[in-house]
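Derivation of every value follows stated rules applied to the coordinates shown; laboratory data play no part. Note that the coordinates shown come from a computational prediction; the quantities given were computed from them, not determined experimentally. Cβ sites come from the backbone with ideal geometry, for glycine too, and all protein chains shown count toward neighbours.
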Amino acid sequence: MPGKREPSPRPKHDASYKVFFARRRTVADTLRASASDIAAQLDFATLERMPASFVTRALDQRHADMLWRAQTTDGRWLYILILLEFQFTIDPR
């Protein structure tokens, strides 16, 4: 069809990052290494993967690759959501 663009093939590293960050230990270790002040307040036994597709208020759909949450060590239901977004193109937003 004229004017129709073929989708770009997704680089293989995108899939490998998804597999890598799908592991609870990888996410916990990454938080400990990169955000130690926050990580010290998390109960990593409660770390769990969450659904990563959303509908915005404007009814736009958003699809993330990974989304995790964990409780604090004192049991408060204060959530910290961790979004790991792997993009192979620039998102103008």
* Grab the beta carbon distance between Ser53 and Asp91, set R0 = 22 Å, and tell me the FRET efficiency rounded to 0.05. => 0.85
* Give me the distance in nm between label points sitting 7 Å out from Cα along the Cα-to-Cβ direction at Arg62 and Ala33, one decimal. => 2.7 nm
